[in-house]
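Enquirer: The structure's right below; bear with me while I get my questions together.
The values are calculated or read from the model by the stated rules, or taken from the named source; none is laboratory data. Just so you know, these numbers come straight off a predicted model, no measurement behind them. Every residue, glycine as well, gets a Cβ built from its backbone with ideal geometry; the counts of neighbours run over all protein chains shown.
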Amino acid sequence: MTQYNASGPAADVVDILTTDHKEMMELAGQIKHTSDTGQRRDTADTLIAEVMRHAVAEEMYVYPAIEKHIPNGTEEVEHDKKEHDEIVQVMKQLEDCEADDPGFMERVDKLEGLLSHHADDEESQQFPKMRSHLSSEQLIELGKKVEEAKKMAPTRPHPSAPHSELFHKSVGAGVGMVDRLRDKLNGRKTN
Ligand SMILES: [Fe+2]
Ligand SMILES: [Fe+2]
């Protein structure tokens, strides 16, 4: 995960999320470019954790800001959350699948397609609107919140968890803690 530090130029939330999208697509590509099943498993686990951190941070801070500041923001967010839900369902199937199972790469392909579509949507629709309706200070402030949220977020897909700010801010940190503990015990590559 790319970390922006205080000494560099201030990255705003759109820069951070766009970089995340690129990294996700790169990880999906890496899974396809190796035939080593151990490596496929590790990279898939890394990808799943990256997507979870990104999606939860968006749902905690970015989508509420879209709802608040952008005309028809609520509908945009509704659409985005539906797509997050599909992505989580496929990631759960991928988590449950052995890397040498013939269905594994099908699920990777499906996930890659959903991620690519969702990233294109955000980068062509929501992000430009954020840039025009929020000040650069607001965008930088949101970026900081997103980076903080990612540290606490779950690293595993939880298909029954709601995609809500309230859920993430109440129960989410506990879920994330349990996930990271399980990752450590199982040697799961989630960083
Ligand atoms: Fe999203
Ligand atoms: Fe995103």
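A quick yes/no check of all residues on (1) modelled with pLDDT of 95 or more; (2) surrounded by 15 or more Cβ atoms within 10 Å (Cβ to Cβ):
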{"residue": "ALA49", "(1), (2)": "yes, yes"}
{"residue": "TYR63", "(1), (2)": "yes, yes"}
{"residue": "ILE66", "(1), (2)": "yes, yes"}
{"residue": "GLN93", "(1), (2)": "yes, yes"}
{"residue": "ALA99", "(1), (2)": "yes, yes"}
{"residue": "PRO102", "(1), (2)": "no, no"}
{"residue": "SER124", "(1), (2)": "yes, no"}
{"residue": "PRO128", "(1), (2)": "yes, no"}
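Enquirer: Do we find that THR34 is surrounded by fewer than 19 Cβ atoms within 10 Å (Cβ to Cβ) and within 16 Å of the chain's Cα centre (by Cα) in this structure?
Expert: Taking the combined requirement at face value, the residue does not satisfy it.
Enquirer: Against the condition of a type in the set (Val, Ile, Thr) and surrounded by 16 or more Cβ atoms within 10 Å (Cβ to Cβ), how does VAL171 come out, does it pass?
Expert: Values: of a type in the set (Val, Ile, Thr): yes; surrounded by 16 or more Cβ atoms within 10 Å (Cβ to Cβ): no.
Considered against the rule, which asks whether it is of a type in the set (Val, Ile, Thr) and surrounded by 16 or more Cβ atoms within 10 Å (Cβ to Cβ), VAL171 comes out as no.
Enquirer: Of all the residues that make up the stretch 20-29, how many are more than 15 Å from LYS110 (Cα to Cα) and away from ligand 2 (no atom under 16 Å from the Cβ)?
Expert: Of the residues in the stretch 20-29, 0 are more than 15 Å from LYS110 (Cα to Cα) and away from ligand 2 (no atom under 16 Å from the Cβ).
Enquirer: Mind checking whether some residue in the stretch 68-76 is crowded, with 21+ Cβ neighbours inside 10 Å and either touching a helix residue (DSSP H, G or I) at 6+ places or on another chain (Cβ under 6 Å) or hydroxyl-bearing (Ser, Thr, Tyr) (or both)?
Expert: Of all residues in the stretch 68-76, those crowded, with 21+ Cβ neighbours inside 10 Å come to none.
There is no residue in the stretch 68-76 that is crowded, with 21+ Cβ neighbours inside 10 Å and either touching a helix residue (DSSP H, G or I) at 6+ places or on another chain (Cβ under 6 Å) or hydroxyl-bearing (Ser, Thr, Tyr) (or both).
Enquirer: Right, another one. Name the helices (runs of 4 or more DSSP H) wholly within the stretch 1-98 that hold at least 2 residues that are farther than 23 Å from GLU141 by Cβ?
Expert: The helices (runs of 4 or more DSSP H) meeting that bar are 13-32, 37-57, 73-95.
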